[in-house]
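Visitor: Right, I'll just put the structure down here and ask away after.
The values are calculated or read from the model by the stated rules, or taken from the named source; none is laboratory data. Small disclaimer: the values here were computed from a predicted structure and weren't measured. Heads up, the Cβs are rebuilt from the backbone with ideal geometry, glycines too, and the neighbour counts pull from every protein chain shown. Accessible surface areas use protein heavy atoms only, side chains included; no ligands, DNA or RNA. Shrake-Rupley method; radii C 1.70, N 1.55, O 1.52, S 1.80 Å.
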Amino acid sequence: RVITQALDRGVNYFDTAPAYAQSQDYYGEALGPRRKDIFLASKTHERSRAGALALLENSLSRLRTDHLDLWQLHDLRTVEDLDAIFGKGGAIEAVEQAKREKLIRFAGVTGHYDPHILVEAIRRYPFDTVLSALNAADRHYLSFMEILLPEAVRRNMGIIAMKVLARGAIMREGGVKSAREAISYVLSLPVSTALIGCSTPEEVAENAESVKNFSELADAVMKEMEALTKSYAWEATTFKAWP
């Protein structure tokens, strides 16, 4: 019901991953002939060529599709992750093979732990996209918008935002007031799109309406929102590499 509501509301970018429980199975069941109308992204948390290709085959089967529009190396956190991916027999070899075999159209990286790791990843390989954590509390520690965004913009990458609502933690009295405000903040950054996790069809409808009525926020308004989140920045960015 959630996926169908999103389709009916005109959402055309859909994101999933093997690590997201049964998410891929839900898409496989829900999309049917509407698969051709959307941009479908999934991921691999495997760091080896063989492991990543096996996971890709499983993803395609569960999603009931013959290709992904975007395949992403999932949740990069450490230099060791990068060395495994780019070393002999690493997952980047799977990316190249999948592109040759037309199993994927584009390749990307994702991360919400440390922006420096994503910067190093996109310096090592010409990925098409980067999926990173972005919300109004981001500037207060290990800022993805300050460390990663300029490099991604310079490389003309597709920039996808996640953790926009931080599972609701970005919103509170005396802080960011609503999901609409939180979404508007992120869409006012140089991003291509934003991922919003939804649990009910009603949440989908509400968020879709927020985007439909979106207008870019002034810099002063964005700075004010950032200042409001300072007192609870940790709660809104617990996914980062806090000491």
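Visitor: Going through the range 143-231, which GluC sites (Glu not before Pro) have at most 11 other Cβ atoms within 10 Å and a DSSP loop state?
Guide: Values: sites: 146, 151, 173, 181, 202, 203, 206, 209, 216, 224, 226; in loops: 173, 216.
Loop-located and lightly packed - 173, 216.
Visitor: Let me ask you something else. With θ set to phi - 60°, apply the Karplus curve 6.51 cos²θ - 1.76 cosθ + 1.60 along the range 23-39 and write out the HN-Hα couplings as whole Hz, x wherever there is a Gly or Pro.
Guide: Values per residue, Gly and Pro as x: 3, 5, 5, 4, 4, x, 6, 8, 6, x, x, 7, 3, 5, 9, 10, 9 Hz.
Visitor: Can I ask one more? With both bridge residues required to lie in the chain, what share of the DSSP beta bridges run antiparallel, to the nearest 5%? Walk me through the intermediate numbers first.
Guide: Details: 1 of 25 bridges.
The antiparallel fraction comes to roughly 5 percent.
Visitor: Projecting each Cα onto the charge dipole of the range 33-94 (Lys/Arg +1, Asp/Glu -1 at the beta carbon, about the Cα centre), which of 38, 53, 79 comes out farthest on the positive side?
Guide: Working it through, the farthest residue towards the positive pole turns out to be 38.
Visitor: Moving to a separate point now. What residue among 184, 145, 122 has its Cα farthest toward the positive end of the dipole of the range 98-243, where the charges are +1 on Lys, Arg and -1 on Asp, Glu, each on the Cβ?
Guide: 122
Visitor: Give me the percent of accessible area attributable to carbon and sulfur for the chain, probe 1.4 angstrom. Before the final figure, lay out each step's value.
Guide: Details: 5830 of 11760 Å².
Percent of accessible area from carbon and sulfur atoms in the chain: 50.
Visitor: Under 15 Å between alpha carbons, and skipping anything fewer than 8 positions from residue 240 in its own chain: which aspartates and glutamates qualify?
Guide: The qualifying aspartates and glutamates are 75, 114, 138, 146.
Visitor: Between exposed trypsin sites (Lys or Arg not before Pro) in the chain, where DSSP calls loop and at most 14 other Cβ atoms lie within 10 Å, what's the longest gap?
Guide: Numbers: sites that count: 1, 77, 88, 102, 155, 177.
Longest stretch, sites excluded: 2-76.
Visitor: Okay, next question. Taking loop as defined by DSSP and a crowding limit of 11 other beta carbons within 10 Å, which chymotrypsin sites (Phe, Trp or Tyr not before Pro) in the range 163-234 fit? Can you show the working numbers first?
Guide: Numbers: sites: 185, 214, 232, 234; in loops: 214.
Taking the range 163-234 and a limit of 11 other Cβ atoms within 10 Å, no loop chymotrypsin sites (Phe, Trp or Tyr not before Pro) are found.
Visitor: Test of understanding: express the Cα radius of gyration of the range 128-243 as a ratio to 2.2 N^0.38 Å, with N the residue count. Can you show the working numbers first?
Guide: Details: Rg = 13.5 Å, N = 116, 2.2 N^0.38 = 13.4 Å.
Dividing the Cα radius of gyration by 2.2 N^0.38 Å gives 1.01.
Visitor: Please list 153, 119, 2 in order of solvent-accessible area, largest first, computed with a 1.4 Å probe with all protein chains present. Don't skip to the end; give the middle numbers.
Guide: On the way: 153 75, 119 10, 2 40 Å².
Largest to smallest exposure gives the sequence 153, 2, 119.
Visitor: I'd like the Kirkwood hydrodynamic radius of the range 53-201, using the inverse of the mean 1/r over distinct C-alpha pairs, in Å. Present the calculation step by step, with values, prior to reporting the outcome.
Guide: Values: mean 1/r = 0.0609 Å⁻¹.
With all distinct Cα pairs of the range 53-201 included, I get 16.4 Å.
Visitor: Taking a ≥ b ≥ c as the square roots of the eigenvalues of the Cα gyration tensor of the range 39-122, is the shape rounded (a/c under 1.5), prolate (a/b larger than b/c) or oblate?
Guide: Working: a/c = 2.02, a/b = 1.55, b/c = 1.30.
Since a/c reaches 1.5 and a/b is larger than b/c, the shape of the range 39-122 is classed as prolate.
Visitor: Moving to a separate point now. Suppose every Lys and Arg Cβ carries +1 and every Asp and Glu Cβ carries -1, with no other charges. What dipole size does the chain come out with about its Cα centre, to the nearest 20 debye?
Guide: Value, rounded to 20: 360 debye.
Visitor: Please list, by residue number, every one of the GluC sites (Glu not before Pro) in the range 1-90 that is coil in DSSP and has at most 12 other beta-carbon atoms within 10 Å.
Guide: Values: sites: 29, 46, 57, 80; in loops: 46.
In loop regions of the range 1-90 (DSSP not H, G, I, E or B), there are no sparsely surrounded GluC sites (Glu not before Pro).
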